[in-house]
Structures are given as structure tokens and as C-alpha cells.
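Computed from the coordinates by the stated procedures, all read-outs in this text should not be read as laboratory data. What you see is a predicted model; the values in this text were computed from it and never measured. No Cβ is skipped: glycine too gets one built from the backbone with ideal geometry, and neighbour counts run over all protein chains shown.
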Amino acid sequence: MSDGPHRTLNLRQQWKQLLKRAYQRAFDSQDVIDAICPALERDCAWELPKEFVPALRASCTQEEPSLFGDSELDPLKRSCAGRGTLGSIVDECAAQALAEGMTGEAAVQHALQQGLTDRLVRNARQMEEHILRESGDRKAAEVRSRLSRAMTSAPVSALAIKLMSEAASPNAAPPKHSGLDDGVGLR
């Protein structure tokens, strides 16, 4: 007997925890929401070097464009090579924000928020596909519904603002219920 199909998912542990919360009805919608930002933050800690956000900020606040046509974001791509795709996605979002006329802190926040949202959507699709293969259409539709409601309510913009001022924590975790009143809510 298995603990659920989330155990065999080919994602990092924090994403398996998110899927476990979306899969099991014992977790309410707030529990699912609470697991999203820690999963994203741990991905940032794993895939983005510590100098990434300061370099992103420096490139987005640059006054004069390069005379040789090289993007100031190219060193960011090189610093994230081999660490995952999150850095390159944030880099592309920053380039798009700069092309749309955003500059400074607004461009940095926009790039981080869009990159984190992209990662969340991609992983949610992977989780849904995994549940579809392992548990069938009905359960996959239920998980998709719970994840999509949680994704619209998750404070991804607050996480982007947090990452602008401090490094991502590799130990970020959703809150644990430890009190007697923290159990499954009565409906």
C-alpha cells in the first residue's frame, strides 16, 4: 500500500509536499496555499546564486544601454548555467520588462514575480499529469481545481518582494499544525 501518488513524483521534496496537500482532502485550501511560497523559495535557494538578485537589480537600474548591443543580463545567464532553469526564466522576464519600458525596482519585482509564477504553473501541470497517470481523470481534475484556486491566492508577489531584500532560504517550509485546535476543520 502506498502513501499516495505524490511519493513517486519526479520533483523536489517541497513540490511533493504541495501535491500531497492538494491530493489529500484532509488538508484544506489554506494548507495548499501555505505550501506554495516555501516550495518556490526553496527552488530559488537551489537554483539562483546569491549574487543573482543584486546583479539583476544592477542591470535593471542601468541608465545607458551598452554600445555593443550586449545585454547586461548575459552575465546573469552565465551565473545560473547548470543550476536549473529558474534563473534563465527570470532573466528573460527581466529582458521583457526592460523592453516594455519598466526600469529599476519595478522591473526586478516584475521579473521575479513572473519567473516564480512560470515555475509554479509548470510544476502544477507536471503534478496534474502525474496524478492523471496514477489516479485517473476524476482525481486529476480535483487536484487541478485545488491547485488552481491556491495558485490564484498564493502571495507570489510578496515572495518576490522578499527575495529582492534577502536571500532565499533553503529551509523554507509551510507552517506545521501542532496544536490541538490545528487539526482537520469540522464542516
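Data overview
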| quantity | calculated |
| --- | --- |
| Shape of the stretch 92-187, Cα gyration tensor, a/c cut at 1.5 | oblate |
| For the stretch 140-148, Karplus couplings with θ = phi - 60° (6.51, -1.76, 1.60), whole Hz, Gly/Pro x | 5, 5, 5, 5, 4, 5, 5, 5, 5 |
| Relative packing of 44-53, 169-178, 101-110, which averages over residues the other C-beta atoms within 10 Å, highest first | 44-53, 101-110, 169-178 |
| In sequence order, calculated HN-Hα J values of the stretch 130-135 (Karplus, 6.51, -1.76, 1.60; Hz; x Gly/Pro) | 5, 5, 4, 5, 8, 10 |
| Neighbour-count order for D43, D34, D28, fewest beta carbons within 10 angstrom listed first | D28, D34, D43 |
| Electrostatic dipole magnitude of the stretch 115-155 [Cβ: Lys, Arg +1; Asp, Glu -1; Cα centre; debye, to 20] | 80 debye |
| Summed side-chain charge close to Q109 - residues other than Q109 whose Cβ falls under 12 Å, Lys, Arg +1, Asp, Glu -1 | +1 |
| Unsatisfied cross-links (Cα-Cα over 22 Å) in the set K20/K139; K16/K162; K139/K176; K16/K50; K20/K162 | K16/K162; K139/K176; K16/K50; K20/K162 |
